[in-house]
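Report on the following structure.
The values are calculated or read from the model by the stated rules, or taken from the named source; none is laboratory data. These numbers were taken from a predicted model, which means no experiment stands behind them. Neighbour counts are summed over all protein chains in view; Cβ atoms, including those assigned to glycine, are modelled from backbone coordinates with ideal geometry. Ligands, DNA and RNA are excluded from the accessible area calculation, which covers all protein heavy atoms including side chains. Shrake-Rupley method; radii C 1.70, N 1.55, O 1.52, S 1.80 Å.
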Amino acid sequence: MKIFVDTADMDAIREANAMGILDGVTTNPSHISKESGAFDDIIRQICDEVPGPVSAEVVATDFDGMMAEARHNAGIADNVVVKIPIIPEGLKAIKACADEGIKTNVTLCFSPNQAYLAAKAGATYISPFIGRLDDIAHDGMDLIQTIRQIYDNYGYETEILGASLRSPKHVVECALAGCDVVTLPPDVLQKMLAHPLTDIGLERFLTDWKAWEAKQADGKVLA
Ligand code: E4P
């Protein structure tokens with residue numbers, strides 16, 4: 001399963017990339033609104049840091065506007081994937097992008113039928129929003145499982161990109177459900193490594209090691 005980070009914060013992206021396991025980045029207009037500078041520069045900087053797919057979202061909601069932005073965003077860097085919301089005009093744009101060879105990440109997916117139509121239109125990625133469904137007492141993971149089954153039934157190659165994740169538990173559940181990709185808030189990526197027994201165990205190993213070194217220095221260790 002590929003790991004993307006879900007942010008436009010360069011410090012967080014660099015930190016995640018330094019871990020050596022980062023495959024890509026997703027951004028959205030809310031992420032961009034927290035950064036300073038021009039949109040193209042922000043996206044270009046991320047693309048320079050991370051060679052994998054970097055999602056850059058359109059903000060137009062009509063077909064012509066979406067296509068103009070899609071072509072523009074795709075031209076910012078070779079690894080840009082154009083993010084398009086799954087609305088009626090968006091569906092047309094996804095198909096047109098597929099015909100033009102522009103990769104797409106279809107966003108704001110909350111139902112199996114939206115995911116099915118996106119795949120039929122030739123989406124590269126579908127982004128079901130797990131956390132936002134959980135937030136309104138629906139089961140986000142159930143959506144992932146249903147989409148996985150539909151795509152497998154018919155051999156759709158659209159990759160399932162688990163989005164709106166809130167916790168390391170979501171990551172495990174996405175992996176079990178067969179997600180192709182997860183996009184993580186930077187803090188969730190950090191939390192995936194954390195375990196109190198790892199910290200306690202390491203402290204004990206190092207304490208024992210220091211005690212042994214001290215004994216050896218005193219000549220109390222038998223060869
Ligand atoms: C996906 O690409 C979205 O940017 C993102 O995962 C939304 O997450 P949120 O529900 O935490 O805003």
* **Partnerless Cys - the chain, beta-carbon criterion under 4.7 Å** => 47, 97, 109
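When the Kirkwood radius is taken over all Cα pairs of region 1-141, what Stokes-Einstein diffusion coefficient follows at 4 °C and 1.567 mPa s, in µm²/s?
Value of D from the Cα-based Kirkwood radius: 84 µm²/s.
Heavy atoms only, 1.4 Å probe, whole protein assembly: order 205, 129 by accessible area, highest first.
Details: 205 145, 129 20 Å².
Listed by decreasing accessible area, they come as 205, 129.
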* So, by mean Cβ neighbours within 10 angstrom, what's the order for 197-203, 113-119, 15-21, 54-60 with the highest one leading? -> 54-60, 113-119, 15-21, 197-203
* Structure fact -> Within region 45-186, pairs of Lys residues whose Cα atoms are less than 23 angstrom apart, provided they are eight or more positions apart or on distinct chains, add up to 9
* To do: Sort 169, 215, 2 by accessible area with a 1.4 Å probe, largest first.
  => 169, 215, 2
* Run the 1.4 Å probe and let me know the accessible area of residue 132, rounded to the nearest 10 Å². => 110 Å²
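When N counts the residues of region 77-223, how does its alpha-carbon radius of gyration compare numerically with 2.2 N^0.38 Å, as a ratio?
Working: Rg = 23.1 Å, N = 147, 2.2 N^0.38 = 14.7 Å.
Compared with the compact-globule rule of thumb, region 77-223 sits at 1.58.
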* Asked: Counting Lys and Arg as +1 and Asp and Glu as -1, what is the net charge of the other residues whose Cβ lies under 15 Å from the Cβ of residue 63?
  -> -3
* Asked: Roughly what angle does helix 168-177 make with the longest principal axis of the chain, taking Cα atoms, 0 to 90 degrees, to the nearest 10?
  -> 60 degrees
* Counting Lys and Arg as +1 and Asp and Glu as -1, what is the net charge of the other residues whose Cβ lies under 10 Å from the Cβ of residue 35? -> -1
* Orientation-averaged projected area, Cα convex hull of region 159-223 (nm²) -> 7.1 nm²
* To do: Could you state the accessible area per residue of region 85-189 in Å², with a 1.4 Å probe and every protein chain left in place?
  => 44 Å²
* Asked: Within the accessible area of the chain, what % is carbon and sulfur when the probe is 1.4 Å and the other protein chains stay in place?
  -> 54 percent
* Structure fact -> Relative to the chain, whose Cα atoms define the longest principal axis, helix 196-217 and its Cα axis are tilted in degrees, nearest 10, by 30 degrees
